[in-house]
1. Mind putting a number on the dipole of the chain about its Cα centre? Charges go on the C-beta only, +1 for Lys and Arg and -1 for Asp and Glu, and I need it in Debye to the nearest 20.
2. Can you list residues whose amide H is under 5 Å from Ile200's amide H, if they're 5+ apart or on another chain and H is modeled 1.01 Å from N?
3. Just to be sure I understand: with springs between alpha-carbon atoms less than 10 Å apart, which residue in Ser140, Ser113, Ser313 has the highest mean-square fluctuation in the Gaussian network model of the chain?
4. Just reorder Lys96, Lys220 by solvent-accessible area, largest first, 1.4 Å probe, all chains present.
5. Which one, Leu260, Ile106, Ala21, is farthest towards the positive end of the dipole of the chain when Lys and Arg carry +1 and Asp and Glu -1 on their Cβ?
6. What are the semi-axes of the equivalent ellipsoid for region 135-175, taken as the square roots of 5 times the Cα gyration tensor eigenvalues, largest first, in whole Å?
7. Return an integer: the convex hull volume of the alpha-carbon atoms of region 177-319, in Å³ per residue.
8. Looking at the chain as a GNM with Cα springs under 10 Å, which of Thr184, Thr40, Thr61 has the largest mean-square fluctuation?
Amino acid sequence: MLKHDLSWDNIKKGLQNPRQAIDDTVLELALRTPLTYLNTKTTIGTNVFSCDWDVLILLDTCRVDALREVAPEYDFISNINQKRSVGGRSPEWIAKTFVEEYESTIQNTAYLSANVFSKQILQERHHESVPPTEVNLAYSLLGRLPTVDVSSLGHFEYLYEYEPVGEEGPFGHKDGGTPPRYVTDRAIAVGRDHDFDRLILHYLQPHPPYVANAVESGRKLKRHESDWWGYLGSTGDYETIWNTYLDELRYVLDDVEILLNNLDAERVAISADHGESFGEYWEYGHKTGSINPYVRTVPWVETTANDTGSYSSSISPPTEKESDGAVEDRLAALGYRM
(Lines give C-alpha, C1' and ligand atoms only; values in the text may rest on other atoms or scores of the structure.)
Protein backbone atom coordinates (compact mmCIF):
# COMPACT_ATOMS: atom_id res chain seq x y z
CA MET A 1 0.00 0.00 0.00
CA LEU A 2 2.81 2.39 0.76
CA LYS A 3 6.07 3.09 -0.96
CA HIS A 4 8.92 2.55 1.45
CA ASP A 5 10.76 5.84 1.00
CA LEU A 6 13.45 6.53 3.59
CA SER A 7 12.75 10.10 4.67
CA TRP A 8 12.92 11.99 7.96
CA ASP A 9 9.11 12.27 8.06
CA ASN A 10 8.73 8.52 7.60
CA ILE A 11 11.39 7.84 10.25
CA LYS A 12 9.50 10.05 12.71
CA LYS A 13 6.23 8.28 11.91
CA GLY A 14 7.94 4.93 12.44
CA LEU A 15 9.24 5.98 15.85
CA GLN A 16 5.79 7.20 16.86
CA ASN A 17 3.99 4.06 15.60
CA PRO A 18 6.51 1.20 15.59
CA ARG A 19 3.89 -1.51 14.97
CA GLN A 20 2.67 0.25 11.83
CA ALA A 21 6.27 0.80 10.73
CA ILE A 22 6.95 -2.94 11.03
CA ASP A 23 3.79 -3.63 9.05
CA ASP A 24 4.86 -1.29 6.24
CA THR A 25 8.42 -2.61 6.02
CA VAL A 26 9.17 -6.03 7.50
CA LEU A 27 5.80 -7.66 6.82
CA GLU A 28 5.58 -6.03 3.39
CA LEU A 29 8.97 -7.22 2.16
CA ALA A 30 9.33 -10.53 3.99
CA LEU A 31 5.76 -11.81 3.84
CA ARG A 32 3.28 -10.05 1.58
CA THR A 33 5.53 -9.58 -1.45
CA PRO A 34 6.51 -13.29 -1.67
CA LEU A 35 2.86 -14.29 -1.12
CA THR A 36 1.73 -11.98 -3.91
CA TYR A 37 4.20 -13.69 -6.22
CA LEU A 38 2.86 -17.08 -5.08
CA ASN A 39 -0.67 -15.91 -5.85
CA THR A 40 0.39 -15.20 -9.44
CA LYS A 41 1.63 -18.79 -9.82
CA THR A 42 -1.30 -20.52 -8.11
CA THR A 43 -4.54 -19.36 -6.46
CA ILE A 44 -4.65 -18.48 -2.79
CA GLY A 45 -8.38 -18.36 -2.10
CA THR A 46 -11.63 -19.02 -3.96
CA ASN A 47 -12.47 -17.26 -7.20
CA VAL A 48 -16.09 -16.11 -6.92
CA PHE A 49 -16.77 -17.16 -10.51
CA SER A 50 -16.41 -20.76 -9.35
CA CYS A 51 -19.37 -20.29 -6.98
CA ASP A 52 -23.12 -20.35 -7.66
CA TRP A 53 -24.83 -16.94 -7.57
CA ASP A 54 -26.87 -14.63 -9.78
CA VAL A 55 -26.04 -11.41 -7.93
CA LEU A 56 -22.84 -10.86 -5.96
CA ILE A 57 -22.82 -7.94 -3.51
CA LEU A 58 -19.36 -6.83 -2.41
CA LEU A 59 -19.00 -4.75 0.76
CA ASP A 60 -15.49 -3.37 0.53
CA THR A 61 -13.41 -4.20 3.68
CA CYS A 62 -16.29 -6.07 5.38
CA ARG A 63 -15.03 -8.44 8.09
CA VAL A 64 -16.76 -11.69 9.05
CA ASP A 65 -16.97 -10.79 12.75
CA ALA A 66 -18.36 -7.34 11.96
CA LEU A 67 -21.15 -8.73 9.81
CA ARG A 68 -21.99 -11.27 12.50
CA GLU A 69 -22.27 -8.49 15.07
CA VAL A 70 -24.83 -6.48 13.10
CA ALA A 71 -26.63 -9.46 11.50
CA PRO A 72 -29.49 -9.58 14.07
CA GLU A 73 -30.55 -6.13 12.84
CA TYR A 74 -31.24 -7.37 9.28
CA ASP A 75 -33.74 -10.06 8.32
CA PHE A 76 -31.93 -10.91 5.08
CA ILE A 77 -28.78 -12.00 6.93
CA SER A 78 -29.07 -15.44 8.49
CA ASN A 79 -26.27 -17.96 8.15
CA ILE A 80 -22.92 -16.22 7.74
CA ASN A 81 -20.39 -18.52 6.17
CA GLN A 82 -16.93 -17.51 5.02
CA LYS A 83 -14.50 -17.93 2.15
CA ARG A 84 -10.87 -17.06 1.56
CA SER A 85 -10.57 -14.15 -0.85
CA VAL A 86 -8.16 -14.24 -3.79
CA GLY A 87 -6.78 -10.85 -2.78
CA GLY A 88 -5.68 -8.84 0.22
CA ARG A 89 -6.60 -5.56 -1.46
CA SER A 90 -8.97 -4.49 -4.23
CA PRO A 91 -6.46 -4.41 -7.13
CA GLU A 92 -5.27 -7.92 -6.26
CA TRP A 93 -8.86 -9.17 -5.97
CA ILE A 94 -9.87 -7.60 -9.31
CA ALA A 95 -6.76 -8.76 -11.17
CA LYS A 96 -7.09 -12.29 -9.77
CA THR A 97 -10.89 -12.59 -10.17
CA PHE A 98 -11.42 -11.39 -13.74
CA VAL A 99 -9.04 -13.87 -15.34
CA GLU A 100 -8.98 -15.68 -18.67
CA GLU A 101 -10.09 -18.99 -17.10
CA TYR A 102 -13.56 -17.53 -16.52
CA GLU A 103 -13.78 -15.31 -19.60
CA SER A 104 -16.83 -17.05 -21.06
CA THR A 105 -18.74 -16.37 -17.83
CA ILE A 106 -17.38 -12.84 -17.54
CA GLN A 107 -18.72 -12.03 -21.00
CA ASN A 108 -22.29 -12.24 -19.67
CA THR A 109 -21.57 -10.55 -16.35
CA ALA A 110 -22.39 -6.93 -15.47
CA TYR A 111 -19.99 -5.25 -13.03
CA LEU A 112 -21.11 -2.04 -11.34
CA SER A 113 -18.31 -0.67 -9.21
CA ALA A 114 -17.79 2.23 -6.80
CA ASN A 115 -14.19 1.09 -6.41
CA VAL A 116 -11.70 3.19 -8.40
CA PHE A 117 -9.34 0.25 -8.90
CA SER A 118 -11.86 -1.41 -11.22
CA LYS A 119 -10.97 1.02 -13.99
CA GLN A 120 -7.29 1.18 -13.13
CA ILE A 121 -6.88 -2.60 -13.41
CA LEU A 122 -9.40 -3.66 -16.07
CA GLN A 123 -9.15 -0.72 -18.47
CA GLU A 124 -6.00 1.28 -17.85
CA ARG A 125 -3.93 -1.84 -17.05
CA HIS A 126 -1.97 0.29 -14.60
CA HIS A 127 -0.53 -2.75 -12.83
CA GLU A 128 1.04 -3.91 -16.10
CA SER A 129 2.55 -0.63 -17.25
CA VAL A 130 3.61 1.33 -14.16
CA PRO A 131 7.40 1.28 -13.54
CA PRO A 132 8.27 -0.84 -10.47
CA THR A 133 10.18 2.12 -9.04
CA GLU A 134 6.91 4.07 -8.70
CA VAL A 135 4.95 1.48 -6.72
CA ASN A 136 5.69 -1.18 -4.16
CA LEU A 137 6.85 -4.53 -5.47
CA ALA A 138 3.77 -6.50 -4.44
CA TYR A 139 1.50 -4.31 -6.58
CA SER A 140 3.82 -4.50 -9.60
CA LEU A 141 3.68 -8.32 -9.45
CA LEU A 142 -0.03 -8.21 -10.33
CA GLY A 143 0.99 -7.57 -13.93
CA ARG A 144 1.93 -11.26 -14.14
CA LEU A 145 -1.72 -12.31 -13.84
CA PRO A 146 -3.84 -13.25 -16.91
CA THR A 147 -6.44 -10.55 -16.24
CA VAL A 148 -8.99 -9.94 -18.98
CA ASP A 149 -9.69 -6.52 -20.45
CA VAL A 150 -12.75 -4.49 -19.55
CA SER A 151 -14.10 -5.23 -23.03
CA SER A 152 -14.61 -8.85 -21.98
CA LEU A 153 -17.34 -7.82 -19.54
CA GLY A 154 -20.96 -7.87 -20.60
CA HIS A 155 -21.49 -4.48 -18.96
CA PHE A 156 -19.33 -2.19 -16.82
CA GLU A 157 -20.23 1.02 -14.96
CA TYR A 158 -17.75 3.29 -13.18
CA LEU A 159 -19.94 4.35 -10.27
CA TYR A 160 -17.08 5.96 -8.37
CA GLU A 161 -17.65 8.99 -10.61
CA TYR A 162 -20.63 9.90 -8.42
CA GLU A 163 -19.87 12.04 -5.37
CA PRO A 164 -16.18 11.19 -5.05
CA VAL A 165 -14.06 12.54 -2.21
CA GLY A 166 -14.09 16.34 -2.36
CA GLU A 167 -17.39 16.77 -4.19
CA GLU A 168 -20.75 17.74 -2.72
CA GLY A 169 -23.82 15.68 -3.55
CA PRO A 170 -27.32 14.75 -2.40
CA PHE A 171 -26.53 11.40 -0.77
CA GLY A 172 -23.11 11.45 0.87
CA HIS A 173 -20.43 13.56 2.51
CA LYS A 174 -17.93 15.84 0.79
CA ASP A 175 -15.02 14.08 2.50
CA GLY A 176 -16.27 10.56 1.80
CA GLY A 177 -16.36 8.30 -1.23
CA THR A 178 -19.28 7.31 -3.46
CA PRO A 179 -22.39 6.77 -1.29
CA PRO A 180 -24.20 3.40 -1.42
CA ARG A 181 -27.31 4.82 -3.05
CA TYR A 182 -25.64 5.17 -6.45
CA VAL A 183 -24.76 1.46 -6.53
CA THR A 184 -28.24 0.52 -5.34
CA ASP A 185 -30.03 2.76 -7.84
CA ARG A 186 -27.97 1.70 -10.84
CA ALA A 187 -28.16 -1.98 -9.84
CA ILE A 188 -31.95 -1.81 -9.76
CA ALA A 189 -32.02 -0.13 -13.17
CA VAL A 190 -29.63 -2.63 -14.76
CA GLY A 191 -31.41 -5.57 -13.16
CA ARG A 192 -34.77 -4.46 -14.52
CA ASP A 193 -33.61 -3.36 -17.98
CA HIS A 194 -31.11 -6.10 -18.84
CA ASP A 195 -30.81 -9.86 -18.60
CA PHE A 196 -27.21 -10.67 -17.74
CA ASP A 197 -26.46 -14.08 -16.29
CA ARG A 198 -24.57 -12.51 -13.41
CA LEU A 199 -24.44 -9.11 -11.73
CA ILE A 200 -21.59 -7.91 -9.46
CA LEU A 201 -22.24 -4.86 -7.29
CA HIS A 202 -19.15 -3.39 -5.67
CA TYR A 203 -20.09 -1.01 -2.85
CA LEU A 204 -17.33 1.15 -1.36
CA GLN A 205 -18.55 0.91 2.22
CA PRO A 206 -17.53 0.09 4.94
CA HIS A 207 -14.18 1.25 3.52
CA PRO A 208 -12.87 4.47 5.14
CA PRO A 209 -13.33 7.40 5.30
CA TYR A 210 -16.18 6.61 7.71
CA VAL A 211 -18.97 9.08 6.95
CA ALA A 212 -22.20 7.48 8.21
CA ASN A 213 -22.43 9.36 11.49
CA ALA A 214 -21.27 12.65 9.97
CA VAL A 215 -23.91 12.39 7.22
CA GLU A 216 -26.60 11.77 9.81
CA SER A 217 -25.46 14.70 11.97
CA GLY A 218 -24.58 17.07 9.09
CA ARG A 219 -21.06 17.72 10.39
CA LYS A 220 -17.43 17.44 9.36
CA LEU A 221 -15.52 14.21 9.82
CA LYS A 222 -13.70 13.65 13.08
CA ARG A 223 -10.14 12.37 13.12
CA HIS A 224 -11.03 8.74 13.82
CA GLU A 225 -13.41 8.84 10.84
CA SER A 226 -10.98 10.34 8.34
CA ASP A 227 -7.71 8.80 9.56
CA TRP A 228 -8.27 5.78 11.76
CA TRP A 229 -4.66 4.63 11.28
CA GLY A 230 -3.23 7.80 12.79
CA TYR A 231 -5.92 7.99 15.46
CA LEU A 232 -5.32 4.43 16.59
CA GLY A 233 -1.56 4.90 16.56
CA SER A 234 -1.72 7.97 18.78
CA THR A 235 -4.57 6.99 21.12
CA GLY A 236 -4.86 3.19 21.12
CA ASP A 237 -8.64 3.71 21.14
CA TYR A 238 -9.74 0.58 19.30
CA GLU A 239 -13.32 0.67 20.60
CA THR A 240 -14.19 4.01 18.99
CA ILE A 241 -12.83 2.88 15.63
CA TRP A 242 -14.62 -0.47 15.80
CA ASN A 243 -18.01 1.09 16.62
CA THR A 244 -17.56 3.66 13.85
CA TYR A 245 -16.68 0.90 11.40
CA LEU A 246 -19.86 -0.99 12.40
CA ASP A 247 -21.94 2.12 11.77
CA GLU A 248 -20.40 2.39 8.30
CA LEU A 249 -21.36 -1.23 7.69
CA ARG A 250 -24.93 -0.48 8.75
CA TYR A 251 -24.89 2.50 6.38
CA VAL A 252 -24.38 0.23 3.38
CA LEU A 253 -26.54 -2.65 4.62
CA ASP A 254 -29.52 -0.30 4.86
CA ASP A 255 -29.13 0.24 1.11
CA VAL A 256 -28.63 -3.47 0.44
CA GLU A 257 -32.05 -3.98 2.03
CA ILE A 258 -33.59 -1.57 -0.50
CA LEU A 259 -31.78 -3.40 -3.29
CA LEU A 260 -33.06 -6.84 -2.28
CA ASN A 261 -36.64 -5.56 -2.33
CA ASN A 262 -36.29 -4.15 -5.85
CA LEU A 263 -34.41 -6.83 -7.76
CA ASP A 264 -35.38 -10.32 -8.85
CA ALA A 265 -32.68 -12.90 -8.16
CA GLU A 266 -32.93 -16.43 -6.86
CA ARG A 267 -29.32 -16.63 -5.68
CA VAL A 268 -27.79 -13.55 -4.06
CA ALA A 269 -24.43 -13.71 -2.29
CA ILE A 270 -23.23 -10.98 0.07
CA SER A 271 -19.46 -10.95 0.49
CA ALA A 272 -16.39 -8.69 0.29
CA ASP A 273 -13.33 -8.35 -1.89
CA HIS A 274 -11.27 -8.34 1.32
CA GLY A 275 -11.57 -7.47 5.00
CA GLU A 276 -9.72 -5.05 7.27
CA SER A 277 -7.13 -5.40 10.03
CA PHE A 278 -7.11 -2.97 12.93
CA GLY A 279 -3.72 -4.05 14.20
CA GLU A 280 -4.40 -7.79 14.50
CA TYR A 281 -1.27 -9.78 13.66
CA TRP A 282 0.59 -6.45 13.43
CA GLU A 283 -1.22 -5.46 10.23
CA TYR A 284 -3.14 -2.24 9.65
CA GLY A 285 -5.69 -1.83 6.89
CA HIS A 286 -5.58 -4.17 3.89
CA LYS A 287 -2.65 -4.78 1.62
CA THR A 288 -1.74 -6.74 -1.48
CA GLY A 289 -0.50 -10.19 -0.55
CA SER A 290 -1.89 -10.21 2.98
CA ILE A 291 -3.02 -13.57 4.36
CA ASN A 292 -4.09 -12.06 7.68
CA PRO A 293 -7.38 -13.89 8.45
CA TYR A 294 -9.12 -10.60 9.24
CA VAL A 295 -8.19 -9.40 5.74
CA ARG A 296 -8.22 -12.52 3.61
CA THR A 297 -11.24 -14.29 5.14
CA VAL A 298 -14.47 -12.71 3.93
CA PRO A 299 -18.15 -13.33 4.74
CA TRP A 300 -20.40 -15.31 2.46
CA VAL A 301 -24.14 -14.88 2.99
CA GLU A 302 -26.69 -16.44 0.66
CA THR A 303 -30.14 -14.89 0.29
CA THR A 304 -32.70 -14.00 -2.38
CA ALA A 305 -34.10 -10.82 -3.91
CA ASN A 306 -37.68 -10.00 -4.91
CA ASP A 307 -38.68 -6.93 -6.87
CA THR A 308 -41.63 -5.32 -5.08
CA GLY A 309 -41.41 -2.18 -7.18
CA SER A 310 -41.09 -0.02 -4.06
CA TYR A 311 -38.14 1.95 -5.44
CA SER A 312 -37.90 3.80 -8.74
CA SER A 313 -34.39 4.32 -10.09
CA SER A 314 -33.59 7.82 -11.26
CA ILE A 315 -29.82 8.04 -11.73
CA SER A 316 -28.42 8.02 -15.26
CA PRO A 317 -25.50 5.76 -16.18
CA PRO A 318 -22.09 7.32 -15.54
CA THR A 319 -19.94 8.62 -18.37
CA GLU A 320 -16.19 8.28 -18.67
CA LYS A 321 -14.69 11.72 -18.17
CA GLU A 322 -11.69 11.31 -15.91
CA SER A 323 -8.01 11.70 -16.58
CA ASP A 324 -5.47 9.33 -15.13
CA GLY A 325 -4.51 12.06 -12.69
CA ALA A 326 -8.07 12.27 -11.39
CA VAL A 327 -8.09 8.55 -10.65
CA GLU A 328 -4.80 8.87 -8.76
CA ASP A 329 -6.21 11.79 -6.76
CA ARG A 330 -9.27 9.80 -5.76
CA LEU A 331 -7.17 6.85 -4.62
CA ALA A 332 -5.03 9.18 -2.53
CA ALA A 333 -8.14 10.72 -0.97
CA LEU A 334 -9.24 7.24 0.12
CA GLY A 335 -5.91 6.66 1.83
CA TYR A 336 -4.09 4.84 -0.97
CA ARG A 337 -0.59 5.51 -2.13
CA MET A 338 0.65 2.97 -4.65
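The values are calculated or read from the model by the stated rules, or taken from the named source; none is laboratory data. Model, not experiment: these values are computed from the prediction. Ideal geometry is used to build each Cβ from the backbone, glycine not excepted, and the neighbour counts take in all protein chains shown. These accessible areas exclude ligands, DNA and RNA; they are computed on the full protein's heavy atoms, side chains included. Shrake-Rupley method; radii C 1.70, N 1.55, O 1.52, S 1.80 Å.
1. Roughly 1020 debye for the chain.
2. HN-HN under 5 Å from Ile200: Leu56, Ala110, Tyr111, Leu112.
3. Among Ser140, Ser113, Ser313, the largest GNM mean-square fluctuation belongs to Ser313.
4. Values: Lys96 20, Lys220 165 Å².
I get Lys220, Lys96, largest accessible area first.
5. With unit charges placed on the Cβ atoms, the residue in question is Ala21.
6. Numbers: eigenvalues 180, 69, 5 Å².
Its equivalent ellipsoid spans semi-axes of 30, 19, 5 Å.
7. 144 Å³
8. It is Thr40.
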